[in-house]
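Engineer: Dropping a structure here in structure tokens format, bear with me for questions.
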């Protein structure tokens, strides 16, 4: 029995060491390319959702006009890039999956703005005050300013509520699968006409003796959205399903958090308290260590395996252009938890040995 325990411990340590070596060797490899390539970008700035657009201004253009054009171009580009990359999305996730929501439009795309100085309501209000106070004194001017500021604040709040209601009408909801990347480095995701597309390279000439290859961009529509910021595929869902999943993930996250606190903090604290009372080698302490070890294995196993389960469940929604993170990366993302499992396993064996020796000693006495 002793030999089996020692060999199992040594095996776990050896496996962890081998994985660590493989990880560092694989992460340190450099990909060498024996050829060069060129990709022809589209001529039109509106092609492929404008992702390759650039500012074109004649050299003779006055600076103030150039600056105005540059600011306008950068503003449009930022809105487009933020939408394509999935920034400013509201989300809740547990690391493997999640639910996401975002506004279909931004403030700048709405037909009205909350801070409009030319608001007709404000103008009418100021005109009415001017009729009441034809020749205002200093004190009356202060009263007018205070009334105007209150009206401005009230009107701004009203317009903000109108904007939020307008944005809420066209809000978009998604179920997200994390840990996905585009297979081809040159492929890019973009949104055009409220539809999702991939701009990919079609090679016109493959690498030959001169080690050169040339290609151009083409586009195809896909059914899912993609956020490169979070490496997540977003499957469109209804608002009703979003609410159900939102509550479910909140509950699951709360339960998982409570279990982590109990097994990784609660049980170790109880173990230390028992040891401080002189009750080190007891069956209860051994049970607690085994429970921590088992929980760490379950958590790491679920985190590593669950992405593959979700891929099988939603394979029809995942385009072939995407790939999952490698299994090795997923293992090393959970290396700390696996290390906890190995350490608690070793400590549990040591406590069990101490308990056996103590029991034999008590029998001898």
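Here is a yes/no grid of residues against (1) farther than 19 Å from residue 49 by Cα; (2) surrounded by 13 or more Cβ atoms within 10 Å (Cβ to Cβ); (3) without any contact (Cβ under 8 Å) to a residue 24 or more places away in the chain; (4) under 18 Å from the mean Cα position of the chain (by Cα):
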position: 198; (1), (2), (3), (4): no, yes, no, no
position: 202; (1), (2), (3), (4): no, no, yes, no
position: 230; (1), (2), (3), (4): yes, yes, no, yes
position: 248; (1), (2), (3), (4): yes, no, yes, no
position: 251; (1), (2), (3), (4): yes, no, yes, no
position: 254; (1), (2), (3), (4): yes, no, yes, no
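Engineer: Here is a further query. Hey, among the residues in the stretch 35-92 that are under 30 Å from residue 251 (Cα atoms) and in contact with a helix residue (DSSP H, G or I) (Cβ under 7 Å, 6 or more places away or on another chain), which one's modelled with the lowest pLDDT?
Structural biologist: 88
Engineer: Let me ask you something else. With the structure loaded, tell me whether residue 264 is surrounded by fewer than 16 Cβ atoms within 10 Å (Cβ to Cβ) and at pLDDT below 95 or whether it fails that test.
Structural biologist: When the stated conditions are applied, residue 264 does not pass them.
Engineer: Sticking with this one: I'd like to know if the stretch 207-221 contains one or more residues that are in contact with a helix residue (DSSP H, G or I) (Cβ under 8 Å, 6 or more places away or on another chain) and either modelled with pLDDT under 90 or in the same structural domain as residue 87 (by TED's automatic domain parsing) (or both).
Structural biologist: Just the residues of the stretch 207-221 that are in contact with a helix residue (DSSP H, G or I) (Cβ under 8 Å, 6 or more places away or on another chain), to begin with: 217, 219.
Next, only the ones that are either modelled with pLDDT under 90 or in the same structural domain as residue 87 (by TED's automatic domain parsing) (or both) stay: 217, 219.
Scanning the stretch 207-221 turns up at least one residue that is in contact with a helix residue (DSSP H, G or I) (Cβ under 8 Å, 6 or more places away or on another chain) and either modelled with pLDDT under 90 or in the same structural domain as residue 87 (by TED's automatic domain parsing) (or both).
Engineer: Exactly one of (1) surrounded by 13 or more Cβ atoms within 10 Å (Cβ to Cβ); (2) closer than 30 Å to residue 338 by Cβ is unmet by residue 258. Its number?
Structural biologist: Failed condition: (1).
Engineer: Oh, and also: Take residue 310 and tell me if it is touching a strand residue (DSSP E or B) at 6+ places or on another chain (Cβ under 6 Å) and assigned by TED's automatic domain parsing to the domain that holds residue 228.
Structural biologist: For residue 310, the condition - touching a strand residue (DSSP E or B) at 6+ places or on another chain (Cβ under 6 Å) and assigned by TED's automatic domain parsing to the domain that holds residue 228 - is met.
Engineer: When you scan the stretch 278-328, how many residues do you find that are in contact (Cβ under 8 Å) with a residue 40 or more places away in the chain, part of a helix (DSSP H, G or I) and farther than 20 Å from residue 344 by Cα?
Structural biologist: Counting residues in the stretch 278-328 that are in contact (Cβ under 8 Å) with a residue 40 or more places away in the chain, part of a helix (DSSP H, G or I) and farther than 20 Å from residue 344 by Cα gives 6.
Engineer: Within the bounds of the stretch 157-172, is there any residue that is modelled with pLDDT of 75 or more and either touching a helix residue (DSSP H, G or I) at 6+ places or on another chain (Cβ under 6 Å) or surrounded by 15 or more Cβ atoms within 10 Å (Cβ to Cβ) (or both)?
Structural biologist: Yes, that holds for at least one residue.
Engineer: Residues in the stretch 261-274: is at least one closer than 30 Å to residue 178 by Cα and touching a residue at least 60 places away in the same chain (Cβ under 8 Å)?
Structural biologist: Yes: the stretch 261-274 contains one or more residues that are closer than 30 Å to residue 178 by Cα and touching a residue at least 60 places away in the same chain (Cβ under 8 Å).
Engineer: Is it the case, given these coordinates, that residue 185 is assigned to a loop (DSSP other than H, G, I, E, B), free of Cβ contacts under 8 Å to residues at least 60 places away in the same chain and assigned by TED's automatic domain parsing to the domain that holds residue 100?
Structural biologist: On the way: assigned to a loop (DSSP other than H, G, I, E, B): yes; free of Cβ contacts under 8 Å to residues at least 60 places away in the same chain: yes; assigned by TED's automatic domain parsing to the domain that holds residue 100: yes.
Yes; evaluated as a whole, the condition is true for this residue.
Engineer: Would you be able to tell me the number of residues in the stretch 298-341 that are farther than 24 Å from residue 180 by Cα and crowded, with 18+ Cβ neighbours inside 10 Å?
Structural biologist: Residues in the stretch 298-341 being farther than 24 Å from residue 180 by Cα and crowded, with 18+ Cβ neighbours inside 10 Å: 2 in total.
Engineer: Still on this structure, please answer the following. Does residue 344 satisfy being at pLDDT below 90 and part of a helix (DSSP H, G or I)?
Structural biologist: no
Engineer: Quick one: would you say residue 351 is assigned to a helix (DSSP H, G or I) and in contact with a strand residue (DSSP E or B) (Cβ under 6 Å, 6 or more places away or on another chain)?
Structural biologist: So residue 351 does not fit the description; no.
Engineer: Read through the list (1) closer than 30 Å to residue 201 by Cα; (2) touching a helix residue (DSSP H, G or I) at 6+ places or on another chain (Cβ under 9 Å); (3) modelled with pLDDT of 80 or more, then give the number of the only condition that residue 103 fails.
Structural biologist: Among (1) closer than 30 Å to residue 201 by Cα; (2) touching a helix residue (DSSP H, G or I) at 6+ places or on another chain (Cβ under 9 Å); (3) modelled with pLDDT of 80 or more, residue 103 violates only (1).
The values are calculated or read from the model by the stated rules, or taken from the named source; none is laboratory data. All figures in this text were calculated on a predicted structure; none of them were measured in a lab. Cβ atoms come from the backbone with ideal geometry, glycine included; neighbour counts cover every protein chain shown.
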